[in-house]
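A short write-up of the structure that comes next.
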Amino acid sequence: MGREIRADLCQRDPPPLSGSAGDKWHLDEAVVSIRGKKHWLWRAVDQDGFVLEVLVQSRRNAKAAKRLMRKLLKGQGRAPRVMITDKLRSYDAAKREIMPGVEHRSHKGLNNRAENSHQPVRRRERIMKRFKSQRHLQRFVSIHDPIANLFHIPRHEISSSHHRELRSEAMNLWAKIARA
């Protein structure tokens, strides 16, 4: 039963308000220590805060960045208009090869949207007293982010009545998933 729910959640689209992913993608990586060894949690978020892709890897180099970008392009089906990253040079090397026509902005302060999307994982990591394996972390984030996207409704763009409708739709969908 658990696998069916996980598979169903992983195939969920963002709430109806967002339609498809935005054309501005924020990419970031965060270190996660698993059994004393560093692993990198790579994350792509669109301009509205919806998590597009999450990948756990043991390296933080151009090959790892290429893997994230290929997986992201495969999942989204199109390239973004703008890609925003931190100052890690691996993004630039990977972008030149995989998405040469995309505008790349590399700036410390512009990437806060992606930096903030790591917070729920950090909170969970603290509660669980660390993740036990790379697979455990990947499984957690691949379930957590679709659920978070389901309940993420950009409040500043809509009226309160529309927000209540979308929120109740999300709750009904979650109830249907939980019953499965």
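The values are calculated or read from the model by the stated rules, or taken from the named source; none is laboratory data. A quick note: this is a predicted structure, and the numbers were derived from the prediction, not measured. Glycine also receives a Cβ, built like all others from the backbone with ideal geometry; neighbour counts cover every protein chain displayed.
Would you please list the contacts, defined by Cβ atoms under 8 Å and residues six or more apart or on different chains, that run from a residue in region 30-47 that is in contact (Cβ under 8 Å) with a residue 60 or more places away in the chain to a residue that is outside any strand (DSSP E or B) and of a type in the set (Phe, Trp, Tyr)?
Correct list of pairs: Val32/Phe131; Ile34/Phe131.
Just for region 31-87: of the residues that are surrounded by 14 or more Cβ atoms within 10 Å (Cβ to Cβ), of a type in the set (Gly, Ala, Ser) and touching a strand residue (DSSP E or B) at 6+ places or on another chain (Cβ under 7 Å), which one is nearest to Ala148 (Cα to Cα)?
Of everything passing the filter in region 31-87, Ala44 is nearest to Ala148 (Cα to Cα).
For region 11-49, which positions are touching a helix residue (DSSP H, G or I) at 6+ places or on another chain (Cβ under 6 Å), modelled with pLDDT of 85 or more and within 14 Å of His152 (Cα to Cα)?
Residue satisfying the conditions is Val45 alone.
Restricting to region 155-174, name every residue that is among the small types (Gly, Ala, Ser) and over 23 Å from the mean Cα position of the chain (by Cα).
Selection gives Ser159, Ser160, Ser161, Ser168.
If you go through region 102-144 one residue at a time, how many are surrounded by 16 or more Cβ atoms within 10 Å (Cβ to Cβ), modelled with pLDDT under 75 and of a type outside the set (S, T, N, Q)?
So the count comes out to 7.
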